[in-house]
Every structure is written in C-alpha cells, then in structure tokens.
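Take a look at the structure below.
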Number of protein chains: 2
Amino acid sequence: MQRSRFDPDPSRPVYVISVAARIVAVHPRTLRIYEDEGLIEPARTPTNIRLYSDHDVRRILWIRHLTQDRGVNLAGVRILFELEERLGVRILEALSDEWTAGNCDDAAAPSLRDSMGPDPEALTSAPSAPSAPPAPRPRSAP
Amino acid sequence: MQRSRFDPDPSRPVYVISVAARIVAVHPRTLRIYEDEGLIEPARTPTNIRLYSDHDVRRILWIRHLTQDRGVNLAGVRILFELEERLGVRILEALSDEWTAGNCDDAAAPSLRDSMGPDPEALTSAPSAPSAPPAPRPRSAP
DNA sequence: GACTCTTGACAACATCATTGTCATGGTTCC
DNA sequence: GGAACCATGACAATGATGTTGTCAAGAGTC
C-alpha cells in the first residue's frame, strides 16, 4: 500500500488528538484510554500535547479492527502486540489475510511492520501495524 | 513435563463433562459455552455423551489462564488459537515463558503442542495447548 | 431408580469498551 | 486576547461479555 503522499516519514508525530481521532473514527476519550492501557504511546510536545504519527494511526486502526470487527477485548489486543514484538514475526499479517479476503480487493495484505500513511484510500483497506510496540503497562487490579 | 502416568495417549477421550470440569476447575456450563464458541470440540459417544481427552483438558487450561489471569475474552482466545494453527509455530509458548517466570519454578516451559496429561502436579504448572485446534465457529451476531 | 447426561432457555452479577460530561488550568491560534 | 483546544482526574450511562445458577423435559448409566 502506498505511503501517505504528503509526509513520507510514518514515524513523525504530527497529529493532535482530535485529528487522530477523526482519522481513525474513534473518540478522543477512547484514545486516552488506549494510552492508559499501554496499547499506544503517542509523542508529546514540550508543553505536553499529544502528537500521533502514522505508525500510531495504523496501530489504532488495528486496535479498532480487533475490538470492533473481531470482538477482541483490550487485554487480548495487548497480548497480540506482545507476541508480535516477542516473536519478531508478522503474526497479525495472518489476520490481515483474513481481512483482505473478507473486506477489500487488495490482494497484497500489508504487514504490521510496513509503513502506511493515513491516506483515505489506505484507511479503508486493511490496516498495518507498526513495529516495536511500547511495553504494555500492567492493567490496574480490579 | 511428564505425561499422565495413567494413560499415555493424550488424545484418547476419556472424561465426561463433570470430571473434566473438576479437573480444570470450571463449571460444566462453562465448558458447554466454550464448545458453543468453537474453542473446544470434545468427542461424543454413540449416545451423544461428551468425552474429553488430555488434549482437550490442556486446551481448557489455556483458555482459563488467558481469561482469568490475563483478562482476555473468548474472541481473543479464539484468535490466539487461530494464529497457532495458521502460523504453525508455538506462539503461546512465548506466553508460557511469562507464566513460568511468574507462577512456578518449572524452567522448561511446555509448548502448546506437547502432550501432557491432567496429572495434579502437571495441572498446577504452566498449561500446554494441544495442536490442531478445531475450526472456530463464527460468533453469533449481536 | 438415583444420578448424570443431553438440549434449549432465562437470569444475576461483575467486568469491560465506548462514549458522554464535568471541573480546573494551560496552550494555541486567529 | 479570547475562542477553541489541549491537559488532568473523575463519575456515569449503555450495551456487551464471562461465569455461574437454575429450570424443564427426556435419555442414558451404574
């Protein structure tokens, strides 16, 4: 899938939380919860403003696909990210194969490690997840 | 981990649902729900009585660990089993490493593919999951 | 024949995911 | 410079999930 045609560096943090929320179609409150759960780790400006990169956006798209389309809860998403990091293989690519089979005509399923900008065309096809997810924070005890 | 010292064949279905439930410390109602969700597929006698094997028991131990200790819901467990089958690698072994680090002194973490009987000693250490999980059934739409 | 098994069904309770809202204070940008 | 947006912590509503409990009716087992 093509990279964003505006900014070729997918790790550069450029989006504030309201923009990132619109791109991935979730509520800003939800993005803060994902961060509290250790699933994402957006950059911060010197004045503590969150800035999301294309990597972050792809990661959030995966979270959204897994939770909304596959019904996985956030603990399950965390383990999938852990496995991707620990095994060093494209485990979620196997899932994206299923995505492409069921959701779009794009035969070449992107890997979680591939870069891909939040281009509108790209956003409606299979998400790819960035590499090196942050270490998940332990979930608060009930 | 040693196999069960009573029955060396871990795929032989021998336990009725009440026995399997006692072995894995979950309710028989819960085992029926796991089956409805496509996570397990115990054998049936000619008179339709469920019979669970050691493979089934190990698989259920994994489900219990993932849901109770890691907080993963059943959709997430299903995806982990799918990945294990599709990638053909011991992905949950990476999780059992974490288990052994936090839960018991057994340094050699068993693989999901290893056989292991429901020996009481074995049951209190890291569970291993059987190979070739059944095809998961689609979850009923909300 | 008492107990356990099967099916389908309904329900209670705790937890989770997402969204909404509030208050207070700081930052950005038009 | 002030409107809009950002940050934090906090509480709450709604729908969904996981586990357990129970019921009814019928079949099988020991």
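Laboratory data are not the source of any read-out in this text; all were calculated from the coordinates shown. Nothing here was measured: the structure is a model prediction, and the numbers come from that model. Every residue, glycine among them, receives a Cβ derived from its backbone with ideal geometry; neighbour counts consider all protein chains shown.
Structure notes:
- Members of the stretch B:43-85 found to be in contact (Cβ under 8 Å) with a residue 24 or more places away in the chain, within 10 Å of DNA strand C (Cβ to nearest atom) and buried (at least 23 other Cβ atoms within 10 Å of the Cβ), listed by number: B:TYR52
- Residue check: B:ALA75 meets all listed conditions (1) within 16 Å of DNA strand D (Cβ to nearest atom); (2) within 28 Å of B:PRO8 (Cβ to Cβ) but one, namely (2).
- Subset of the stretch A:64-77 [more than 7 Å from chain B (Cβ to nearest Cβ) and touching a helix residue (DSSP H, G or I) at 6+ places or on another chain (Cβ under 9 Å)]: A:ARG64, A:HIS65, A:LEU66, A:THR67, A:ASP69, A:LEU74, A:VAL77
- Candidates in the stretch A:27-42 are the residues that are more than 9 Å from DNA strand D (Cβ to nearest atom) and under 12 Å from the mean Cα position of the chain (by Cα); of these, the one that is surrounded by the fewest Cβ atoms within 10 Å (Cβ to Cβ) is A:GLU41.
- Residue within the stretch B:44-61 that is under 22 Å from B:PRO10 (Cα atoms) and within 14 Å of another protein chain (Cβ to nearest Cβ) present: no
- Of all residues in the stretch A:18-38, those that are near DNA strand C (Cβ under 9 Å from one of its atoms) and either hydrophobic (A, V, I, L, M, F, W, C) or within 14 Å of chain B (Cβ to nearest Cβ) (or both) total 6.
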